[in-house]
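Before any comments, here is the structure.
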Amino acid sequence: MSEATPLPELLRAAAVFLAERVGPALGADTPMAFRVRLVAQMLESAAAEAEEGPAILVEKREALARLLGVRADVPTLEHVLADRLRQNGDLTPDEEQRLRGYFLSALRGELRMLAPRFDTRLHPEEPHT
Amino acid sequence: MSTLAELALATTLRERLTTSFGGAVTVNALTPLHGGAGQENFRLDLEILEGPCAGRRVFALRGDAASPGFGTLRRAQEFDVIRAVVRAGVRTPAVEILVPDLFGPGLDAFLMDFAPGTALGPRIVRGPEFETARTRLPIQLAESLASLHALTPATGQDLGIDRAPYLSTVDPVAAQIAGFEQALDALPASRPASEYILRWLRRHPPVSREIALVHGDFRTGNFLVTEHGLSAVLDWECAHWGNPLEDLAWLTLRDWRYGHLDRPVGGFGELEPFLAAYVDLSGRPIRPADLHWWAVAGNLRWALGALRHALRNPGAEIEHLAIPRRAPEMEFEALRLIETGP
């Protein structure tokens, strides 16, 4: 198994094949060419998830645990946080800022994996990170 | 016509339309139109051989899909909405004939005039052939929106489109928030970022509570454009009673700019002239904070709509598997708007 092509590399190769070989052969503006481009993007995203997903999940679990003061798996912690938010209780400005900071950071992590070209700056004049 | 299903449909159409047009009809071509993933759409080339309508005609045939989008209108309702908006002066193709049960029991269709142009967002925002169109579109779209939003429950429009949470008698802000709660509760897992955005919406409500007929999906991709500008507003399946700012904000959402983030109006226009034209034509002033609220709400609506694609006939279409993975983009944009303010 150790000599097999690593999963992210395999998925990226399939994405490149679809985008650069299959898509152009179908004609640029055809519905099937659109779908082939979409599938190539899905494979790229799956490759990024295979590579970065586990680390992002650990990062998220730790950040949620710090925010909520309890330890559990990510789905449980997300359920607890969502439930608290739905109850619509008051938050201090400090808590509000911490929450927003958490969400922006967590979403940046997910987007790095799901949509690597998505611009996650708050203002267009900010430098790219 | 390339498939047996299309040939069978052409035969049925010939029989049904002969009655409707009062003369024999030949179907010269029936071509599937892609886009409008929630419906069955075709270009229909007809020859009416006799009677008062004799001659060659081209229509768009739009039919109910077996698996309709969540909360969308059926074709019979959309037919009535289009008739009303055409009368109000919105640039949209007229509907001609409603054909009940064309695609099966309860699956109706209608014929509408065929309009020229493309609805492909990337071509509209980038194509050199649309350079002149891009300068005209913001004002033309403002005109169409002003005409559309003149239709209100008070003007006596009984369109039969009330459906939860959008009712002609319910505050549109409360309706939107109730819709978000229902959508979040229907998801298989919690979305704390969306819950936070919803919490912010509840705590920063807009002042304007007007109710008018809104398109509900007014964006680049849902109108046809030629090199001269706006050809036709399409896809009225999401029309509902709501706040007019919902349509204005929806057109400015980041996802409908197709990468042209510096062109807030649909990826091709500046905000100020568009809003100024709308205010001038509609007589409705716009509070920036209200428009900002609807932009945050619009991103949340699209995030939840994207997640709902996974619940709709999972595995049927490749697009439905890809779209839910885009929800964090809209959640991020809503949070960015909250952070940066109106």
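Just subtract the alpha-carbon distance of A:Leu122 and A:Leu10 from 0.36 nm times their residue separation and send over the number in nm, one decimal. Walk me through the numbers before you get to the answer.
Values: separation 112, 0.36 × 112 = 40.32 nm, distance 3.43 nm.
My answer for the length gained is 36.9 nm.
Of the DSSP H helices in chain B, those that are both long (alpha-carbon extent of 27 Å or more along the helix axis) and hydrophobic (Kyte-Doolittle mean at least 0.0) are B:288-308. Highest GNM mean-square fluctuation among A:Ala72, A:Ala40, A:Ala55, for chain A modelled with Cα contacts below 10 Å: A:Ala72.
Cut-off 10 angstrom, C-alpha nodes, Gaussian network model of chain B. Which of B:Ile286, B:Ile318, B:Ile48 fluctuates the most? Checking each option, the largest mean-square fluctuation is seen for B:Ile318. Computed per residue of chain B from DSSP H runs no shorter than four, each worth -39500 (n - 2.57), the mean residue ellipticity at 222 nm is -13500 deg cm²/dmol. Inter-chain Cβ neighbour count for B:254-263, averaged per residue, equals 1 (cutoff 10 Å, partner chain atoms only). For the residues of B:319-327, the average number of beta carbons from a partner chain within 10 Å of their own beta carbon is 3. If the viscosity is 0.692 mPa s and the temperature 37 °C, what translational diffusion coefficient in µm²/s does Stokes-Einstein give for the range B:1-156 when Rh comes from Kirkwood over Cα pairs? Translational diffusion coefficient: 189 µm²/s.
Taking the Cβ of each residue in B:Ser168, B:Ser144 as the centre, tally the other Cβ atoms inside 10 Å and list the residues starting with the fewest.
Details: B:Ser168 19, B:Ser144 25.
Sorted ascending by nearby Cβ count, the order is B:Ser168, B:Ser144.
Between B:Gln140, B:Gln77, B:Gln182, the residue with the greatest mean-square fluctuation in the GNM of chain B (Cα pairs under 10 Å linked by springs) is B:Gln182. Taking trypsin sites (Lys or Arg not before Pro) across the range A:89-129, the ones in a DSSP loop with at most 15 further Cβ atoms lying within 10 angstrom of their Cβ are A:Arg117, A:Arg121.
Dipole size of the range B:94-181 about its Cα centre, with +1 on Lys/Arg Cβ and -1 on Asp/Glu Cβ: approximately 440 debye, rounded to the nearest 20. Across the range B:1-157, the mean sequence separation of Cα contacts (distance under 8 Å, 6 or more residues apart), normalised by length, yields a relative contact order of 16 percent. Positive-end ranking of B:Ala54, B:Leu120, B:Leu4 along the dipole of the range B:1-151, with charges on Cβ about the Cα centre, is headed by B:Leu120. Across chain B, the relative contact order, built from alpha-carbon pairs under 8 Å that are at least six residues apart, equals 15 percent.
Only the Cβ atoms of Lys and Arg (+1) and of Asp and Glu (-1) were treated as charged; on that basis the dipole of chain B about its Cα centre amounts to roughly 440 debye.
Among B:Thr92, B:Ala334, B:Ala303, which residue has its Cα furthest toward the positive end of the charge dipole of chain B, with +1 on Lys/Arg Cβ and -1 on Asp/Glu Cβ? The residue sitting most towards the positive pole is B:Ala334.
Laboratory data are not the source of any read-out in this text; all were calculated from the coordinates shown. Predicted model, so just to flag it, every value in this text is computed and none were measured. Cβ sites come from the backbone with ideal geometry, for glycine too, and all protein chains shown count toward neighbours.
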